[in-house]
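*Asks:* Please see the structure below; I have some questions.
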Amino acid sequence: MGAGKPTKPNRPQPSRPNPSPATQSIDKPKRVLPPTGGNGGNRANHSGGGGGNGEIPSPWLGETPQPHVTASFVEYLRWMRSPDSQHKDPTKVQILQLAAEKANYQARLKVLNQRTKSIAGDQNWFNAKSPWRMRVGGHKGPENILLPAFDALGMPYLPASTLRGVARTQAIRHFMAMENLDWKTAEQKVAVYFGSLDAEPHHRSAKVIFLDAYPNGNNANCGLMVDMANNIWNWQDDRPKYDANPNPFLSLYQSEFIIGFKPTDRCTPEVLQQVREWLIEGLRQGAGSQINTGYGTLLTQGQSSENGFLEVDFRVEGQLIHGQQRFAPWNSDRRRYDRGQPFAESRPVAFKSMLRYWFRTLALGVLPVDLVKTWEAQIFGSIKPQTRGWLRVQVLDGKVVSKEARYKQDPCGKQVGKLVLEFSPEAPLLSQPGIEQLVKNLTWLMFHLGGIGQGARRPCYSRASRQYAPWWRGSDLIANSQDLFWDLPESIEDLQKLFQSRLKDFYQALELLANTKILARSNGSIETLQLVEAVDNNAAILLCMGKDRYDKPYALAVLHDDDLKVQNRGKLDYDPDLCGSTNTKPVQPSPVWIANFGDFQVVTIFGIDNDPRNPRNKFLKTLQQSTNGSTYRQIHPKL
């Protein structure tokens, strides 16, 4: 090669494309998929579980991603399937799980956090920890996956612009509350601190510089974890439609951040201290999206979440509340995944969704559909129309006391925590007493009409006498409170009066908020596929007492009696019009809820009429005939 002649650089090779279903066989072994936890269920001795012997490649990926542990989660997205692949959805779930579990960002985070501390200075940074999850960002990746905010190297973080927005919003709310100002006027007041193009020349620039905030590195993967949104109920043609729609995404779980800021040369110590206080208070209120659903809260050391207008310690027993369901190792014998491994967590979104469900169910019995939709959106929030609700739901100190049973002799799963209900900043001051009365009684009814999480329509009961897992089904939601509000009387007559009193108080608050007269009504056809779950003239809520049978509470044993079953393929099976069915599209939920309180059960039945062939009527009549007058009381409708 002649002197001075430039060398031609090697042409960069293109990145490996996604495996295409059209050119790659899912049965052709390539790389072994490493196990992602446990043996995946209750069949502990199957080959393919845990140790790697007998494992075969994942059918969704065909080839396992092998990036370096320091590679960001963005690197894994190249393994997504084509939109027309039959394995597109399971691929998405498994890719997100691998990206969250295999990463190790500690070395990079150490550098980033040291940089933040050096730029900010000794007194201008602090730690803030999320007691649950955060969703900051909104980047849409392949298949519309909502990705967290990430920097140029793919590290999840809190952008400086987000922190500035949190502090500024808190400052505006401060002036609105202290000086009774509107939003626009309060914005002019905070320009002195945060700058504004419309302000006087010497106030157009901000006095404080905010820095990007990164997790402190205590968790190797920043706390990155698969999350799940599942909008089960949707309005369709003025009817609530039940249709599960699980959507996996990534959020940050119990992450701790280094929050840094620094003064400009125009900033006084007083201004800096005031902005710091607004920032700390704003982070406690929440950063990012879904802050009314428990996401986004960041607390400094010694700081506690604000007290709500209702706080109650709770216990969940049975199938528990779950977020994601993790993939278990591939089983080479059966060539399928064993039962997935659900990740149990006390999710505020589960409580908010259940409160929303019972609000809709109760309100549909007394209000027109358009008013129900309006007030549901106003109280709980909605996407269409985009509305931030008046109610904020948090769960503090949530933890799993005992995991779900893997073997027959194991006890049922158990979760505990503290449910905190508070007003969002959008809740009008004059409406707050009515909201409080409505939500308090609604929460009491939620705790006493059914469970929460998986199996919420059935009480917790043992299946240890069965051959196959799950060994426990159903869910009990129990309030652990010394407050007299939660006390239950011993006699069935007093229980009936208490339930009716709670319903009355709920409806009175609803009437005041909606500013309209409420009337008992019906919701049209009660054919199973058209049935509206509403506490209307075609619904019954009752108390009953009886002896447990077959390890089941009395009311549930009656529901499962052979007399109420139907012939299915030559054998008796549960009636889908009474017990629901997962074999229909969409899934058909059971029109019966049963909550168990030891000595008695609360039973809610939707879709009752005068047709003797109606299985709900038959179930109600069976309960009435199998008890006597001293062990049966009707709550709704009043007799």
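The values are calculated or read from the model by the stated rules, or taken from the named source; none is laboratory data. From a predicted model like this one, the values you see are computed outputs, not experimental measurements. Because the Cβ atoms are built from the backbone with ideal geometry, glycine has one as well, and the counts that use them run over all protein chains shown. Heavy atoms of the whole protein, side chains included, go into the accessibility calculation; ligands, DNA and RNA do not. Shrake-Rupley method; radii C 1.70, N 1.55, O 1.52, S 1.80 Å.
A quick yes/no check of all residues on (1) part of a loop (DSSP other than H, G, I, E, B); (2) under 25 Å from D611 (Cα atoms); (3) touching a helix residue (DSSP H, G or I) at 6+ places or on another chain (Cβ under 9 Å):
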position: L495; (1), (2), (3): no, no, no
position: R502; (1), (2), (3): no, no, yes
position: Y507; (1), (2), (3): no, no, yes
position: L510; (1), (2), (3): no, no, yes
position: L513; (1), (2), (3): no, no, yes
position: T516; (1), (2), (3): yes, no, yes
position: A520; (1), (2), (3): yes, yes, no
position: N537; (1), (2), (3): yes, yes, no
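*Asks:* I'd like the full set of residues that are open to solvent by 10 Å² or more (accessible area, probe 1.4 Å) and not in a helix (DSSP H, G or I), limited to the stretch 348-375.
*Replies:* Listed by number, the residues that qualify are V366, P368.
*Asks:* For the stretch 377-393, which positions are out of contact with any Lys or Arg (no Cβ under 6 Å at 6 or more places or on another chain) and either within 24 Å of N523 (Cα to Cα) or open to solvent by 50 Å² or more (accessible area, probe 1.4 Å) (or both)? Break it down stepwise before answering.
*Replies:* Pass one, the stretch 377-393, residues out of contact with any Lys or Arg (no Cβ under 6 Å at 6 or more places or on another chain): 377-379, 382-392.
Those that are out of contact with any Lys or Arg (no Cβ under 6 Å at 6 or more places or on another chain) and either within 24 Å of N523 (Cα to Cα) or open to solvent by 50 Å² or more (accessible area, probe 1.4 Å) (or both): A377, Q378, I379, S382, I383, K384, P385, Q386, R388.
*Asks:* In addition: Of all residues in the stretch 259-277, how many are open to solvent by less than 10 Å² (accessible area, probe 1.4 Å) and either out of contact with any Gly (no Cβ under 9 Å at 6 or more places or on another chain) or more than 30 Å from A220 (Cβ to Cβ) (or both)? So that I can check it myself, show each step before the final result.
*Replies:* The initial filter retains those residues of the stretch 259-277 that are open to solvent by less than 10 Å² (accessible area, probe 1.4 Å), namely 259-261, 275.
Narrowing further to those that are either out of contact with any Gly (no Cβ under 9 Å at 6 or more places or on another chain) or more than 30 Å from A220 (Cβ to Cβ) (or both): 259, 261, 275.
Of the residues in the stretch 259-277, 3 are open to solvent by less than 10 Å² (accessible area, probe 1.4 Å) and either out of contact with any Gly (no Cβ under 9 Å at 6 or more places or on another chain) or more than 30 Å from A220 (Cβ to Cβ) (or both).
*Asks:* Has the stretch 307-325 got any residue that is at pLDDT 90 or above, within 27 Å of V136 (Cβ to Cβ) and open to solvent by 30 Å² or more (accessible area, probe 1.4 Å)? Give the steps one after another, and end with the answer.
*Replies:* Just the residues of the stretch 307-325 that are at pLDDT 90 or above, to begin with: 308-322.
Pick out the ones that are also within 27 Å of V136 (Cβ to Cβ) and you get 308, 311, 321-322.
When the remaining residues are screened for being open to solvent by 30 Å² or more (accessible area, probe 1.4 Å), the result is 311, 322.
Yes, there is a match, as at least one residue in the stretch 307-325 is at pLDDT 90 or above, within 27 Å of V136 (Cβ to Cβ) and open to solvent by 30 Å² or more (accessible area, probe 1.4 Å).
*Asks:* Moving on to the next point. Identify, from the list L224, L211, the residue that is at pLDDT 90 or above, buried (at least 16 other Cβ atoms within 10 Å of the Cβ) and farther than 18 Å from T116 by Cα.
*Replies:* On the way: L211 fails: farther than 18 Å from T116 by Cα.
Result: L224 is the single residue among L224, L211 that is at pLDDT 90 or above, buried (at least 16 other Cβ atoms within 10 Å of the Cβ) and farther than 18 Å from T116 by Cα.
*Asks:* Within the set of pairs 6 or more residues apart or between chains, which connect a residue that is in contact (Cβ under 8 Å) with a residue 40 or more places away in the chain inside the stretch 255-276 to a residue that is of a type in the set (K, R) with Cβ atoms less than 6 Å apart?
*Replies:* E256/K129; T264/K207; R266/K207; C267/K207; V271/K207
*Asks:* I want to confirm something. Restricting to the stretch 503-539 and keeping residues that are of a type in the set (D, E) and crowded, with 21+ Cβ neighbours inside 10 Å, which single residue is nearest to L430 (Cα to Cα)? Quick ask: steps written out before the conclusion?
*Replies:* Initial filter on the stretch 503-539 (of a type in the set (D, E)): 505, 511, 527, 533, 536.
From the residues that got through so far, the ones that are crowded, with 21+ Cβ neighbours inside 10 Å too are 533, 536.
On the way: E533: 32, D536: 30 Å.
Among those residues, the one meeting the criterion is D536.
*Asks:* Here is a further query. Scanning the stretch 428-476 for residues that are of a type in the set (S, T, N, Q) and surrounded by 19 or more Cβ atoms within 10 Å (Cβ to Cβ), which turns out farthest from R388 (Cα to Cα)?
*Replies:* Kept after step one, since they are of a type in the set (S, T, N, Q), are these residues of the stretch 428-476: 431-432, 437, 441, 443, 454, 462, 465, 467, 475.
Pick out the ones that are also surrounded by 19 or more Cβ atoms within 10 Å (Cβ to Cβ) and you get 441, 443, 454, 475.
Numbers: N441: 22, T443: 20, Q454: 27, S475: 30 Å.
Here the answer is S475.
*Asks:* Still on this structure, please answer the following. Looking at the structure I just gave you, is M155 under 23 Å from the mean Cα position of the chain (by Cα) and closer than 24 Å to Y295 by Cβ? I'd like the intermediate steps shown before the answer.
*Replies:* Values: under 23 Å from the mean Cα position of the chain (by Cα): no; closer than 24 Å to Y295 by Cβ: yes.
The answer is no for M155.
*Asks:* Go through the residues of the stretch 411-433 one by one and say whether even a single one is assigned to a strand (DSSP E or B) and within 19 Å of E511 (Cβ to Cβ).
*Replies:* Kept after step one, since they are assigned to a strand (DSSP E or B), are these residues of the stretch 411-433: 413-423.
Next cut, within 19 Å of E511 (Cβ to Cβ) only: none.
No, the stretch 411-433 contains no residue that is assigned to a strand (DSSP E or B) and within 19 Å of E511 (Cβ to Cβ).
*Asks:* From G580, G524, which residue is of a type outside the set (A, V, I, L, M, F, W, C), at pLDDT 90 or above and within 30 Å of A244 (Cα to Cα)?
*Replies:* Working: G524 fails: at pLDDT 90 or above.
Sole residue among the options that is of a type outside the set (A, V, I, L, M, F, W, C), at pLDDT 90 or above and within 30 Å of A244 (Cα to Cα): G580.
*Asks:* With the condition kept exactly as written, say whether any residue in the stretch 450-460 is part of a helix (DSSP H, G or I), touching a helix residue (DSSP H, G or I) at 6+ places or on another chain (Cβ under 8 Å), over 28 Å from L299 (Cβ atoms) and modelled with pLDDT of 95 or more.
*Replies:* First, pick out the residues of the stretch 450-460 that are part of a helix (DSSP H, G or I): none.
Among the residues of the stretch 450-460, not one is part of a helix (DSSP H, G or I), touching a helix residue (DSSP H, G or I) at 6+ places or on another chain (Cβ under 8 Å), over 28 Å from L299 (Cβ atoms) and modelled with pLDDT of 95 or more, which makes the answer no.
*Asks:* Here are the criteria: (1) open to solvent by 50 Å² or more (accessible area, probe 1.4 Å); (2) of a type in the set (D, E); (3) more than 26 Å from R549 (Cβ to Cβ). Tell me which single one E490 does not satisfy.
*Replies:* (3)
*Asks:* Right, another one. Determine whether the stretch 410-426 contains at least one residue that is farther than 24 Å from V603 by Cβ, at pLDDT 95 or above and of a type in the set (V, I, T).
*Replies:* Yes, some residue in the stretch 410-426 is farther than 24 Å from V603 by Cβ, at pLDDT 95 or above and of a type in the set (V, I, T).
*Asks:* Here's a check for you: in the stretch 71-84, which residue that is open to solvent by 10 Å² or more (accessible area, probe 1.4 Å) and of a type in the set (A, V, I, L, M) is farthest from F327 (Cα to Cα)?
*Replies:* So the first thing to find is which residues in the stretch 71-84 are open to solvent by 10 Å² or more (accessible area, probe 1.4 Å), and the list is 71-72, 74-75, 77-79, 81-84.
Subsequent filtering for residues that are of a type in the set (A, V, I, L, M) retains 71, 74, 77.
Numbers: A71: 22, V74: 20, L77: 18 Å.
This residue is A71.
*Asks:* Test each condition in (1) of a type in the set (S, T, N, Q); (2) assigned to a loop (DSSP other than H, G, I, E, B); (3) surrounded by fewer than 17 Cβ atoms within 10 Å (Cβ to Cβ) for T185 and report the one that comes out false.
*Replies:* It fails just one condition, (2).
*Asks:* Which condition from (1) at pLDDT below 90; (2) surrounded by fewer than 20 Cβ atoms within 10 Å (Cβ to Cβ); (3) touching a strand residue (DSSP E or B) at 6+ places or on another chain (Cβ under 8 Å) is the one that A328 breaks?
*Replies:* (2)
*Asks:* Does the stretch 79-98 include one or more residues that are part of a helix (DSSP H, G or I) and small (G, A, S)?
*Replies:* Let us first name the residues in the stretch 79-98 that are part of a helix (DSSP H, G or I), namely 79, 88-98.
After this cut, where a residue has to be small (G, A, S) as well, the list is none.
Looking through the stretch 79-98, none of the residues is part of a helix (DSSP H, G or I) and small (G, A, S).
*Asks:* Looking at this structure, is R392 assigned to a strand (DSSP E or B), at pLDDT 95 or above, touching an Asp or Glu at 6+ places or on another chain (Cβ under 8 Å) and not β-branched (V, I, T)? If you could, list the steps in order and put the result at the bottom.
*Replies:* On the way: assigned to a strand (DSSP E or B): yes; at pLDDT 95 or above: yes; touching an Asp or Glu at 6+ places or on another chain (Cβ under 8 Å): yes; not β-branched (V, I, T): yes.
So R392 passes the test.
*Asks:* Let me ask another. Within the stretch 142-153, can you find the residues that are touching a residue at least 24 places away in the same chain (Cβ under 8 Å) and buried (at least 18 other Cβ atoms within 10 Å of the Cβ)?
*Replies:* P142, L146, L147, P148, F150 - these are the residues of the stretch 142-153 that are touching a residue at least 24 places away in the same chain (Cβ under 8 Å) and buried (at least 18 other Cβ atoms within 10 Å of the Cβ).
*Asks:* Moving on. If you check I478, I452, which single one turns out to be more than 30 Å from M176 (Cβ to Cβ), β-branched (V, I, T) and touching a Lys or Arg at 6+ places or on another chain (Cβ under 6 Å)? Give the derivation first.
*Replies:* Working: I452 fails: touching a Lys or Arg at 6+ places or on another chain (Cβ under 6 Å).
Being more than 30 Å from M176 (Cβ to Cβ), β-branched (V, I, T) and touching a Lys or Arg at 6+ places or on another chain (Cβ under 6 Å) holds for just one of I478, I452, which is I478.
*Asks:* Let me ask another. Given the options P246, P240, name the one that is at pLDDT below 90 and either touching a His at 6+ places or on another chain (Cβ under 6 Å) or open to solvent by less than 50 Å² (accessible area, probe 1.4 Å) (or both). Walk me through how you get there before you give the answer.
*Replies:* Details: P246 fails: either touching a His at 6+ places or on another chain (Cβ under 6 Å) or open to solvent by less than 50 Å² (accessible area, probe 1.4 Å) (or both).
Of P246, P240, the one residue that is at pLDDT below 90 and either touching a His at 6+ places or on another chain (Cβ under 6 Å) or open to solvent by less than 50 Å² (accessible area, probe 1.4 Å) (or both) is P240.
*Asks:* Something else now. Could you list all residues from the stretch 284-299 that are in a helix (DSSP H, G or I) and more than 15 Å from N127 (Cα to Cα)? Outline the logic, then answer.
*Replies:* Within the stretch 284-299, the subset in a helix (DSSP H, G or I) is 284-285, 291-293.
Correct list: Q285, I291, N292, T293.
*Asks:* Right, another one. Of the residues that sit in the stretch 85-138 and are farther than 30 Å from T293 by Cα and free of Cβ contacts under 8 Å to residues at least 40 places away in the same chain, which one is surrounded by the fewest Cβ atoms within 10 Å (Cβ to Cβ)?
*Replies:* Across the stretch 85-138, the extreme among qualifying residues is D122.
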